[in-house]
Amino acid sequence: MAEEDITVLMDEKRIFKPSKDFVEKTNVKQWMKEHNIDSLEELYKKTDDYKWFWKEMADEILEFYEPYDNVLDWDSPFAKWFTGGKYNIVHDALDKHAKGPNKDKVAYYFESEPGDADKELTYHDLYVEVNKLANAMKKLGIKKGDRVGIYMPMIAELPIAMLATAKLGAVHSVVFSGFSAQAFRDRVNDCEAKLVITCDSFYRRGKKVPLKSQTDEALEDAPTVEHSIVYKRTGDEVDWTDDRDLWWNEIVKDEPEECETVKTDANDPLFFLYTSGTTGKPKGIIHAHAGYALGTATTLKWVFDIKDDDVYWCAADIGWITGHSYIVYAPLILGSSSIIYEGAPNHPGPDRWWEIVEKYKVSVLYTSPTSVRLFMKFGEEWPEKHNLNSLRLLGSVGEPINPEAWMWYYKHIGGEKCQIMDTWWQTETGHFAITPLPLTPLKPGSATKSFPGVSADVYNENGEPITNAGGNLVLTHPWPGMLRGIYKNPERYRNTYWSKFDDIYLAGDVTRKDSDGYFWIQGRADDVLNVSGHRIGNSEVESALVSHDKVAESAVVGKPHDLKGESITAYVVLKTNVEPSDALKQELRTHVGEEVGKIARPDEIWFVTDVPKTRSGKIMRRVIRSKALGKEVGDTSTLANPEAVDEIDKAQ
Ligand code: WT7
């Protein structure tokens with residue numbers, strides 16, 4: 001698409017409306033009819049009574065063991081949903097299907113990268129696998145409330161491990177398999193995991209990634225971990241610690257195919273997932289059973305309009321919240337069939353994804369702007385080689401989608417017939433918070449409006465709602481999938497999200513609301529990078545650099561990047577008598593890769609003698625970033641060392 005077309009598009013403020021025929025068949029339209037609601041406006045108005053709405057949806061979707069007393073208890077900032085109810089998400093995600101009409105329906109199509117291990121798991125297969133593993137875990141002493149660290153790639157055994165943990169009422173903490181041993185160790189230690197689950201190795205872009213040896217390294221200093229269960233994915237030779245390591249494949253062999261699901265309280269924790277913040281170490285975001293189940297399932301049912309015959313593919317990694325919510329829990333609760341793909345998008349060729357869409361006749365595809373831009377770079381000749389006619393809805397998440405990428409996705413993947421659901425949400429929100437419905441008129445680049453039963457707004461610094469100006473994105477009342485806190489740190493929870501405006505959730509994104517009430521997310525307000533749609537704290541990369549023995553200090557900023565959204569630039573102050581060199585830059589990049597993960601490796605490293613700081617010693621990233629981008633630096637009067645700003649210049 002040529003540059004001029006986009007400009008025209010934006011000038012015209014073109015709006016993309018779904019066809020009437022399509023709208024008529026959607027789940028949400030069906031629901032509206034049943035509730036005598038005629039228009040989208042009326043739907044939003046009616047669902048302002050959010051407790052009523054969520055109760056309606058809970059009655060429709062969830063099955064409790066024992067009924068709840070209250071829809072919501074809100075002792076700000078702590079929420080409890082469906083109090084008094086006995087519930088376990090595994091009942092809705094698995095047990096009810098395995099004993100019901102979905103028994104023989106495929107839950108997951110697993111597509112391995114080299115094609116050596118492809119398989120289909122029906123709901124009944126999944127149920128049996130989960131039960132066997134849960135029984136084996138029980139023998140290792142895992143019980144309600146225990147934490148289990150899971151470090152696994154995109155294979156079907158990852159959801160199996162999560163579900164087995166939840167089945168016992170234990171809490172999983174999944175760590176993205178692209179993170180380093182050190183990152184896994186930090187998270188395992190923070191949540192005091194008793195057990196970890198991993199695999200020998202897995203395939204990524206034709207190479208094997210030795211996950212077991214990374215796990216071994218992490219466990220060198222993880223005092224709470226008693227056992228490590230290892231799934232045999234590739235059959236590679238691995239080191240073994242006899243009194244700690246157990247082969248998954250062996251321990252499940254003789255276990256029974258039934259295992260009773262522990263009846264937890266509706267508000268018991270289901271999982272922790274670590275995410276980046278401005279300072280210090282990642283925060284362990286807590287999610288709980290029933291509210292999370294309801295929020296994820298309702299949003300998937302309405303936004304992606306999941307129906308019985310859909311083949312749905314969320315192409316994210318389960319190690320992030322997107323995968324937890326929209327590969328594991330929501331699709332299973334809805335009894336749908338989805339895809340899990342192990343490998344890289346361009347292996348063996350740049351059309352691997354389109355091959356998968358064609359092979360499984362995928363009808364709903366959910367991915368990120370980063371991936372869309374990557375495919376744009378490869379060129380439309382790759383999707384053109386395949387029949388993508390099965391697609392009927394597309395989704396985007398992770399960062400604002402630029403109109404150019406939106407148009408490309410719409411045209412070359414969706415064949416100009418699929419609406420694009422640009423979903424805004426966070427690890428903390430658990431599920432979509434701002435998103436179109438399939439009947440929403442779309443404006444490319446806007447995530448449109450809050451989901452019914454969720455209420456977003458934009459506030460100025462005084463807490464007043466504003467329109468047509470950048471401000472603080474907030475959510476004005478509790479929602480079911482909301483985080484319940486930060487593990488072991490209620491103060492940080494209160495301060496980060498609930499202290500700027502009373503009883504109002506602060507998302508940390510700068511956002512504009514236009515005259516039609518559409519939201520335009522502009523990016524993070526704090527010092528958090530967004531690389532390929534995932535949050536990485538500037539401070540995490542800085543501390544990784546400083547942990548290298550030749551580095552005295554560092555400052556890390558993000559720069560706009562065509563593919564990744566943001567790229568990482570690091571300014572590094574070396575210790576005295578250390579010679580700067582290109583080899584050292586390479587060494588530092590590798591070091592950050594080992595400390596945090598490859599995703600956090602700086603694209604650029606500059607050696608400087610000082611970095612700009614405030615008198616209280618805070619690194620002034622705003623100043624550094626402006627300088628690095630050649631922009632006006634603004635007020636530098638609060639700097640302790642204004643001369644350090646020139647250093648940034650010299651580095652370019
Ligand atoms: C941050 C949350 C939610 C899963 C992926 C990331 C940005 C997310 C959008 C979108 C514009 C978006 C925000 C948000 N973000 N989706 N559709 N449009 N920005 O989860 O790592 O918790 O990051 O991602 O900045 O705050 P996360």
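The values are calculated or read from the model by the stated rules, or taken from the named source; none is laboratory data. None of the values given here were measured: they were computed from a predicted structure. Cβ sites come from the backbone with ideal geometry, for glycine too, and all protein chains shown count toward neighbours. Protein only, heavy atoms only, side chains kept; ligands, DNA and RNA dropped before computing areas. Shrake-Rupley method; radii C 1.70, N 1.55, O 1.52, S 1.80 Å.
Some points to look at:
- Out of L483, L506, sole residue that is touching a Ser or Thr at 6+ places or on another chain (Cβ under 8 Å), part of a strand (DSSP E or B) and either under 18 Å from H287 (Cα atoms) or touching a residue at least 60 places away in the same chain (Cβ under 8 Å) (or both): L506
- For the range 426-458, filtered to residues that are open to solvent by 10 Å² or more (accessible area, probe 1.4 Å) and part of a strand (DSSP E or B), the residue that is farthest from the ligand (Cβ to nearest atom) is D457.
- Leading residue by the ranking (farthest from the ligand (Cβ to nearest atom)) among those in the range 495-510 that are more than 15 Å from T476 (Cα to Cα) and surrounded by 14 or more Cβ atoms within 10 Å (Cβ to Cβ): T496
- Residue check, F271 within 16 Å of the ligand (Cβ to nearest atom), buried (at least 22 other Cβ atoms within 10 Å of the Cβ), of a type in the set (A, V, I, L, M, F, W, C) and closer than 27 Å to N70 by Cα: yes
- Some residue of the range 112-124 being touching a residue at least 12 places away in the same chain (Cβ under 8 Å), in a helix (DSSP H, G or I), surrounded by fewer than 21 Cβ atoms within 10 Å (Cβ to Cβ) and among the hydroxyl-bearing types (S, T, Y): no
- Qualifying residue in the range 144-163 (condition: farther than 26 Å from W320 by Cβ, among the small types (G, A, S), out of contact with any His (no Cβ under 7 Å at 6 or more places or on another chain) and at pLDDT 95 or above): no
- Within the range 271-297, residues that are within 12 Å of T427 (Cα to Cα) and in contact (Cβ under 8 Å) with a residue 60 or more places away in the chain have Cβ atoms under 9 Å from residues that are among the polar types (S, T, N, Q) and away from the ligand (no atom under 16 Å from the Cβ) in these pairs: F271/T165; K283/N489; G284/N489, counting only partners at least 6 apart in sequence or on another chain.
- Only one of the numbered conditions (1) crowded, with 24+ Cβ neighbours inside 10 Å; (2) over 26 Å from the mean Cα position of the chain (by Cα) is violated by K105, and that is (1).
Every residue, every condition in (1) among the aromatic types (F, W, Y); (2) closer than 30 Å to G398 by Cβ; (3) touching a residue at least 40 places away in the same chain (Cβ under 8 Å), yes or no:
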| site | (1), (2), (3) |
| --- | --- |
| T569 | no, yes, yes |
| L574 | no, no, no |
| L584 | no, no, no |
| R589 | no, yes, no |
| E594 | no, yes, yes |
| I624 | no, yes, yes |
| T636 | no, no, no |
| V645 | no, no, no |
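- Subset of the range 309-344 [within 13 Å of the ligand (Cβ to nearest atom) and in a loop (DSSP other than H, G, I, E, B)]: A315, A316, D317, I318, G319, W320
- Residue count, the range 484-494 (criterion: under 27 Å from G558 (Cα atoms) and crowded, with 18+ Cβ neighbours inside 10 Å): 2
- Of the criteria (1) basic (K, R); (2) out of contact with any strand residue (DSSP E or B) (no Cβ under 7 Å at 6 or more places or on another chain); (3) within 15 Å of the ligand (Cβ to nearest atom), which one K417 fails: (3)
- In the range 364-379 there is no residue matching the filter, namely being on the phi > 0 side of the Ramachandran plot, open to solvent by 20 Å² or more (accessible area, probe 1.4 Å) and of a type outside the set (A, V, I, L, M, F, W, C).
- Number of the condition not met by E4 [criteria: (1) exposed (fewer than 12 other Cβ atoms within 10 Å of the Cβ); (2) modelled with pLDDT of 95 or more]: (2)
- Of the helices (runs of 4 or more DSSP H) contained entirely in the range 157-257, those carrying at least 3 residues that are in contact (Cβ under 8 Å) with a residue 24 or more places away in the chain and touching a helix residue (DSSP H, G or I) at 6+ places or on another chain (Cβ under 7 Å) fall at 157-167, 181-191, 211-219.
- Scanning the range 539-559 for residues that are open to solvent by 10 Å² or more (accessible area, probe 1.4 Å), without any contact (Cβ under 8 Å) to a residue 40 or more places away in the chain and not in a helix (DSSP H, G or I) yields D549, K550, A552.
- Residues located in the range 371-413, provided they are among the β-branched types (V, I, T) and more than 11 Å from the ligand (Cβ to nearest atom): V372, I413
- Qualifying residue in the range 512-533 (condition: among the basic types (K, R), outside any strand (DSSP E or B) and touching a strand residue (DSSP E or B) at 6+ places or on another chain (Cβ under 8 Å)): no
- Residue within the range 166-176 that is open to solvent by 10 Å² or more (accessible area, probe 1.4 Å) and either within 22 Å of Y109 (Cα to Cα) or of a type in the set (D, E, K, R) (or both) present: yes
- Applying the set (1) open to solvent by less than 10 Å² (accessible area, probe 1.4 Å); (2) of a type in the set (F, W, Y); (3) more than 25 Å from T296 (Cβ to Cβ) to Y410 leaves exactly one unmet item: (1).
- From the list G471, G463, the lone residue that is open to solvent by less than 40 Å² (accessible area, probe 1.4 Å), over 21 Å from Y292 (Cα atoms) and at pLDDT below 95 is G471.
- Residues (touching a strand residue (DSSP E or B) at 6+ places or on another chain (Cβ under 9 Å) and of a type in the set (D, E)) located in the range 244-262: D245
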